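Below is one structure; the comments refer to it alone.
The values are calculated or read from the model by the stated rules, or taken from the named source; none is laboratory data. None of the values given here were measured: they were computed from a predicted structure. Because the Cβ atoms are built from the backbone with ideal geometry, glycine has one as well, and the counts that use them run over all protein chains shown. Ligands, DNA and RNA are stripped out before the accessible areas are found, and what is left, the full protein with its side chains, is counted by its heavy atoms. Shrake-Rupley method; radii C 1.70, N 1.55, O 1.52, S 1.80 Å.
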Amino acid sequence: MENRPPHIEMCPAVPGRSDPRGSALSTRGIERVLGGNPVLRGIDLDVPAGTVLALLGPSGCGKTTLLRCIAGLDRPDAGMIAVDDFTVSGPDCFVPAEKRRIGMVFQEPALFPNRTVGGNVGYGLPRAERGGPKVERALALVGLSGSADRMPATLSGGQQQRVSLARALAAEPSLILLDEPFSALDAPLRAELRSEVRRLLAAAGATAVFVTHDQEEAFLIGDQVALMLEGRIAQLGTPADLYERPASRAVATFVGDANLLPAQAVGDVAHTPVGDVPLARPAHGAVEVVIRPECIAACRGQDAVVERIEYYGHDAVIVTSSSGCPVRCRVMGRPPYDTGDRIGLEYVGEPSVAFSA
Amino acid sequence: MTGRGWGATALAVALAVPFALPFAYLLVRNAQDLGGLWDAVSDDRLVGPLLRSLGLGISVSAAAAALGTGAAWLVARTEVRGRRIWALLLCLPLVIPSFVGAVALIAAFAPGGLVEDSLGITWLPELNGFRGAFIVLTLLTYPYVFLPVMARLRTLSPALEESARLLGRRPASVFMTVVVPQARAAIAAGALLVFLYVISDFGAVQLLRYDTLTRAIYADRLLDPITSMALSLVLGLLAVTIVALERRSSRVGLRDQARVGSPLMLPLGRAAIAAYAFLALVIGFALVAPIAVLGYWAIRGFVRGSADSASVISDPGLITGPLLSTVGVSVVAALVTIAIVVPIAFRSVRRPGRLGEVLAGTVVGGFALPGLVTALAFVFFTLSTPGPLGALYQTLPLLVLAYVVHHGALALGAAQSAVAGVPQRLDDAARIMGRSRLRRFAGVEMPLMLPGLAAGAGLVLLSTAKELPATLLLAPPGFSTLATKVWQAAELAAFEEAAVFALVLVAISGVLTWFLVVRPALRSWSDRPHPGAAPAQGESPTRSRSPEPTTP
């Protein structure tokens, strides 16, 4: 935190950085070292205006640090950040948080306990508008019309988080950052708020970055998902890109359940223990093929031994061993097998991805 | 409930009785002479001193609140360098008793003092009366606000301030709309303690000649005891009310939201010079200046010598008598206090309920009553009682009893935490193995409680060593502590001698304060705060009474 260049109130747009599509947020080469550990190692992101980017990653991968750098709560050691084509953070410029027009929702609701709900929502507005229709409109958007005079402590955790979102939306920021906003809530409420926030952000036409460590949440909320692993963006794409065409083994195993099966690739086909699997990109020689458990069907046969059944109710995973190699196979409902049964396995999915072994 | 349980309860109740004695005696005596009470409170003898006490209390509390809060915010929320050092130095004025501060102020401006001699300034107005008392007391009491506000800022969720910044508010606006409202309870609690300190203060107002209640009580004690007792009752009621308020305010603590990450630190930029100047000025006037003035007088004394052969200046060996008396009587008071409060702590922690609260409240009430009032109640009581009780007047046992009553709450808070720290299941386990109550206490509980009890004893030791009015009124003839020596020398304007005793007293108090107050507080501020980190217990006994770790 020492030896920083002086604050510069506003910086001009960096020439050559303006994106023709109008990125609401761009970052280039963001690096941040905290306590001697490199936490961010060169982050490049572009979030088109009006879209939601889900920033997915395990805890400690640096996603919260990145969010704080974007917000202006932390300063990157290198790289630049532009919001609406204005550089807000760069080698010799740093716009303080209060001048960035960025809204943020934290893990905890962070409502000012000494102010009413209306007082909280109006806090970021110019003085003249604090009692005005903007506050009520923002509250209506999150389904809390008429609560302006209540105190935050009288609301439930889910309602408090809605107020927090209304507070961020009321100031009509260029960008909204959400830092695992549902992690403090219990599961049913999470599911409910998840789809609601998705609808809300779309209704407000807001550009947002949503941080989460929950893959389902990232897929449901993000137009694009950026998977962050160890301070780098491991892959950026649509949820389907990440799931069906993972860029690396790490992405394949972090996003969803995956079998990595040893195989011999010949052009666009790989010979695997569960039969031939079409490849999206041709490969040759010894490879590992990413095969999602639901892309394997159980059939009559003798190739695999059922080791155990993981029964989840709506579906189940048959854990088998095929030529000494563990294979997970997901089926709907309860499978008609028992431990020790011999079954056959076949590949039923789209062309998959292989990594050289 | 077993018979033994009743025994423990009876013991605890009996031990709590002395703490209620002074106040009860004042009530009874004033009730016996309602006419005299009415005369005293209805005319100028009360109104003037009362208004001066309240005025001084309110203005010092307000100034200390502003100073303490501002300093805490600077240290906890800006990129000021040397955060830990500043925090440490800002606590240190606690080591200077108010009468030593007053002596330093008077000595600085006295003819031949540091201001005239070294700086050559003679045009400054005399800092007597309200101005002097206001300056001395504000500079010495702001740590009572600084400490709780620091502790509060450590636990305040950074997300609140971050949200406010992201919503477009500048740091100054965030301070006023988020930080101050959130720290309000801590500021108020600290300010109430300052108020209590000021209205109870005897040494500074007496030396600086500002006629507050304590000064009127002291002046009237011989010639007009009726008025003195009436004023004592008024002051006592005021003090007890303040402590009751403080206890209530600390009970209604806000439940904190989860704390994530470290708080935003404000870059100082061009304001850095102003910030460092502010901190340096506060520490300079509150800590460095008094010690420099005393050091100047002490050195000047030893260089020039003294004509008086009974002066400590001519014979530095004369320091040993008061020094040993101070240490001896303080150690005895500390040990007796611990012995008396431990049964009360057991009763109030192990069997929570109304009786336990009343017992603990009684002990805190003894602390709330100003030392001067406590001592005067014992004086009037012994002087008007014939027989063996009357013979206690100006004996060491009565002096120690006054110390115990006045400082018991300091030890009780520590003892309650110590008792609460020993799990009941350990006692149960020892009991199942057939140990008697006494052996369980000596073999299981006592060793575990020892560190906590030692801290409590240390606080009593520290406060007793600095105590002035009770010692002046109750000490046997010829028995002098460092505090009374400073006092006597200052009254004779023998600043060289006063300075020597005062420096020794400040040194002792400094060492004790370091180990008992500052180090634990600094430890809780170092690295990441952990949930439930207890704030400095230190010198705010009314807040540490609850057995659970208290949050500010």
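Shape analysis of the protein assembly as shown places it in the prolate category; the axes a ≥ b ≥ c from the Cα gyration tensor give an a/c of at least 1.5, with a/b above b/c.
The angle between the Cα long axis of helix A:187-204 and the longest principal axis of the Cα atoms of chain A comes to about 60 degrees, rounded to the nearest 10. Computed from the C-beta positions of residue A:127 and residue B:441, the FRET efficiency with R₀ = 60 Å rounds to 0.40. Farthest toward the positive end of the dipole of chain A, out of A:273, A:297, A:202, is the Cα of A:202, where the dipole comes from beta carbon charges about the Cα centre.
For chain A, relative contact order (Cα pairs under 8 Å, six or more residues apart, normalised by length) works out to 15 percent. Using the rule -39500 (n - 2.57) for each DSSP H run of four or more residues, divided by the residues of chain A, the 222 nm mean residue ellipticity is -6000 deg cm²/dmol. When B:459, A:34 are compared by accessible surface with a 1.4 Å probe, the order from highest to lowest is A:34, B:459. In percent, rounded to a whole number, the relative contact order of chain B is 21, using alpha-carbon pairs under 8 Å and six or more apart. Ordered by 1.4 Å accessible area with all protein chains kept, A:86, A:355 run largest first as A:86, A:355. Compute for chain B: radius of gyration divided by Kirkwood radius, i.e. Rg/Rh, restricted to C-alpha atoms, rounded to two decimals. Ratio of gyration radius to Kirkwood radius: 0.98.
Ordering B:393, A:311 from largest to smallest accessible area (1.4 angstrom probe), what's the sequence?
Numbers: B:393 70, A:311 125 Å².
Output order, biggest surface exposure first: A:311, B:393.
Note on residue B:131 and residue A:311: the model spin-label points, each 7 Å out from Cα along the C-beta direction, lie 9.0 nm apart. Per-residue SASA remark: residue A:331, around 30 Å² accessible (1.4 Å probe; ligands, DNA and RNA not included). Note on residue B:428 and residue A:151: the model spin-label points, each 7 Å out from Cα along the C-beta direction, lie 3.8 nm apart. Rolling a 1.4 Å probe over the protein heavy atoms leaves residue B:96 with an accessible area of roughly 0 Å².
Taking all protein chains as shown and a probe of 1.4 angstrom, residue A:271 keeps an accessible surface of around 90 Å². Taking the Cα centre of the stretch A:260-356 as reference, the dipole from Cβ charges on Lys and Arg (+1) and Asp and Glu (-1) amounts to some 80 debye. Near the amide H of residue A:88, within less than 5 Å, lie the amide hydrogens of A:81, A:82, A:83, all on another chain or at least 5 residues away, with H placed in the peptide plane. Per residue, the average separation of C-alpha pairs within less than 8 Å and at least 6 apart gives the stretch A:260-356 a relative contact order of 33 percent.
Computed per residue of chain B from DSSP H runs no shorter than four, each worth -39500 (n - 2.57), the mean residue ellipticity at 222 nm is -22500 deg cm²/dmol. Database remark: amide H of residue A:178 closer than 5 angstrom to the amide H of A:105, A:209, A:210, A:211 (H placed geometrically; neighbours at sequence offset of 5 or more, or on other chains; Pro and chain starts carry no H). Working note: Karplus 6.51/-1.76/1.60 with θ = phi - 60° gives the stretch B:378-392 the couplings 5, 4, 4, 4, 5, 5, 9, 10, x, x, x, 5, x, 5, 6 Hz, where Gly and Pro are set to x. Between residue A:203 and residue B:511, the distance separating the two model label sites (each 7 Å from Cα on the Cα→Cβ line) works out to 7.1 nm.
When the Cα centres of the stretch A:125-198 and the stretch A:208-244 are compared, how far apart do they sit, in Å? Their Cα centres are 24 Å away from one another.
Relative to one another, the C-alpha centroids of the stretch B:335-380 and the stretch B:434-487 are positioned 14 Å apart.
Annotation: amide H of residue A:225 within the under-5 Å range of A:54, A:237, A:238, sequence separation 5 or more or interchain, hydrogens built in the peptide plane.
Note on the protein assembly as shown: with charges restricted to the Cβ of Lys and Arg (+1) and Asp and Glu (-1), its dipole about the Cα centre is near 1300 debye.
Can you compute the FRET efficiency between residue B:173 and residue B:350 using 1/(1 + (r/R0)^6), with r the Cβ-Cβ distance and R0 = 45 Å? Round to the nearest 0.05. Could you put the intermediate results ahead of the total?
On the way: r = 49 Å, r/R0 = 1.09.
Calculated transfer efficiency: 0.40.
Against the main long axis of the alpha-carbon atoms of chain A, helix A:157-170 sits at an angle near 60°.
Subtracting the Cα-Cα distance from 0.36 nm times the residue separation, let me have the gained length for residue A:214 to residue A:338 in nm, one decimal. Before the final figure, lay out each step's value.
Values: separation 124, 0.36 × 124 = 44.64 nm, distance 3.19 nm.
Length gained between residue A:214 and residue A:338: 41.4 nm.
Estimated from the Cβ-Cβ distance and a Förster radius of 45 angstrom, the FRET efficiency linking residue B:450 and residue B:273 is about 0.40. Relative to the Cα centre, what is the charge dipole magnitude of chain B, using +1 at the beta carbon of each Lys and Arg, -1 at the beta carbon of each Asp and Glu, and rounding to the nearest 20 debye? My answer is approximately 2400 debye.
By DSSP, what percent of the beta bridges with both residues in the protein assembly as shown are antiparallel, rounded to the nearest 5? Don't jump to the answer; show the numbers that get you there.
Working: 65 of 84 bridges.
Of those bridges, close to 75 percent are antiparallel.
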